[in-house]
Amino acid sequence: MKNVCLYFNLHQPNRLKPYDFFQIGHDHFYEDDKMNKDFLDKISNNCYLPMNAIMMENINRLGKNFKFCLSLSGTLIEQMENHRPDVLQSFIELSKTGQVEFIGQTYYHSLAYLNSLPEFERQVKKHISKVEEHFGQTPKVFRNTGMIYCNDLAGRLENLGFHGVMSEGLPQYLQGRSPNHLYKAPHTKNIKTILKNDRLSADFTHRFADQSWHQYPLTAEKYANWIANDEGDCVNIYMPYETFGQHLSAETGAFDFIKHLPIELKNQGINFLTASDQVKKLPVNDVFDVHLPVSWRDSEKDLSAWSGNNMQKEALQKLYSLEETVINSKDEDLIHVWSKLQTSDHFYYLNTKTEKDGETRDYLSPYESPYSGYIFYMNALADLEITCKEKMNIQ
């Protein structure tokens, strides 16, 4: 029987306020809390609540025959705890059905794996605790920020107790093989690598509303047929939850699509698996050998979305140069402030790419330009450094 895995990632950053030079040393709160609440309210009403209702309806309709995966960043869960407990409760209700697997990630949706392995491990464990607290599960499959992946990451996650790790199914590493199989990194023993089917995922996320596309309009029946005819053990469809109602408005028909897709997939005889189901039930097909980190972000599918220019590199270097001082302070509030500044969105907003990648950045960024975002961020770091030094002198 052909299998499909539906995986949705969810994240909201803590966006910074216009933090200027004259606030350094005086104002130690860097976030625009009202903006963050307004963003959360908007996306909750446009996406999270209607999508959760639809997915609960699909579970009620199909019962044990329908299941899927979610991954919520710690920063999003915190925002819901503080501003929208009703939305958090709707995710908790989904978890109670036993039909939703919650996937692990870094708590702060950070780039810690690339910059500090001790910090990466701390955040992974912190995220596990938060998922256990609210959803009653211990994540056994991991998805790194931006789906950043390489052989080394798989090995480290295996040592942390994970059974599976997600990656973009990049053609240059597949070398003609299908992404619809399980793979493994070289030198790992048990952890399995689960690959996103980029083509079929992008058919929905990038082309669904494109009226110039030769397959427009994309119906649930047509999509289910494509999945049924794609070779392999399991087709992994990965997409941001925010695609529904936010990136694709209700007027595009995106909600109707996801409401009918499970039925159409069942009509095609397709079985639903979670990521952990795959790891338990499916064999490893081959080795997926990725020496240098890759991602699912931008056209290059590399790390350039977050560290491709000097502004981004300087910001990352400055941030992680404070790690030892911050962690050794044992001041939980200070550690939390520093940790939130690790969120990858802060660096993504600073990229200076043009064309399609630049359009996506401009759509997501709250700032007038990458340069204004850089100024606000570096000013916040300057104040944080002063605060660190003051605390160390006190001690």
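The figures follow:
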quantity	calculated
Listed residue pairs exceeding 19 Å between alpha carbons, taken from LYS318/LYS389; LYS17/LYS353; LYS67/LYS196	LYS17/LYS353
Solvent-accessible area, 1.4 Å probe, carbon plus sulfur percent, for the stretch 83-147	50
Subset of LYS64/LYS192; LYS2/LYS280; LYS192/LYS281 violating a 20 Å alpha-carbon distance limit	LYS64/LYS192
Accessible surface, the stretch 193-348, averaged per residue in Å² (probe 1.4 Å)	43
Proximal aspartates and glutamates relative to LYS301, as straight alpha-carbon distance under 12 Å, when same-chain residues fewer than 8 apart are discounted	GLU168, ASP198, ASP357
Protection proxy ranking, peptides 312-321, 194-203, average beta carbon neighbours within 10 Å, highest first	194-203, 312-321
Rg followed by Dmax, in Å, when the stretch 162-222 is reduced to its Cα trace	15.1, 46
Given LYS130/LYS222; LYS37/LYS126; LYS37/LYS125, the pairs whose alpha carbons are separated by over 30 Å	LYS130/LYS222
Solvent-accessible area of VAL100 with every protein chain in place, 1.4 Å probe, in Å² to the nearest 10	10
0 to 90° range, to nearest 10: angle between helix 117-135 axis and the chain longest Cα axis	60
For the stretch 104-163: Kirkwood Rh in Å [reciprocal of mean 1/r, alpha carbons]	11.5
Accessible carbon and sulfur surface of the stretch 250-290 relative to its total accessible area, %, 1.4 Å	45
Kirkwood Rh, angstrom, the stretch 42-98 [1 / mean 1/r, Cα pairs]	11.9
4 °C / 1.567 mPa s Stokes-Einstein diffusion coefficient of the chain, Kirkwood radius on C-alpha pairs, µm²/s	59
Column: log10 I(q)/I(0), Debye, Cα scatterers of the stretch 73-229, q = 0.18, 0.19, 0.20 Å⁻¹	-1.19, -1.22, -1.25
The stretch 1-152 - convex hull of the alpha-carbon atoms, volume per residue in Å³	141
Under Karplus coefficients 6.51, -1.76 and 1.60, residue-wise ³J(HN,Hα) of the stretch 77-88 in Hz, glycine/proline x	4, 4, 4, 5, 4, 7, 10, 9, x, 5, 6, 4
Shape box of the stretch 289-393 [Cα atoms, principal axes, largest first, Å]	48, 39, 20
Given charges at beta-carbon only (K, R positive; D, E negative), |dipole| of the chain in Debye	1260
Radius of gyration and maximum dimension Dmax of the stretch 337-395, Cα, Å	14.6, 50
Accessible solvent surface per residue of the stretch 32-109, calculated while the other protein chains remain in place, 1.4 angstrom probe, Å²	34
Principal axis dimensions, the stretch 198-341 - Cα atoms, whole angstrom, descending	58, 40, 30
Reciprocal of mean inverse Cα separation for the stretch 275-342 (Kirkwood radius, Å)	15.6
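The values are calculated or read from the model by the stated rules, or taken from the named source; none is laboratory data. Keep in mind the model is a prediction, meaning the values are calculated, not measured. Glycine also receives a Cβ, built like all others from the backbone with ideal geometry; neighbour counts cover every protein chain displayed. Protein only, heavy atoms only, side chains kept; ligands, DNA and RNA dropped before computing areas. Shrake-Rupley method; radii C 1.70, N 1.55, O 1.52, S 1.80 Å.
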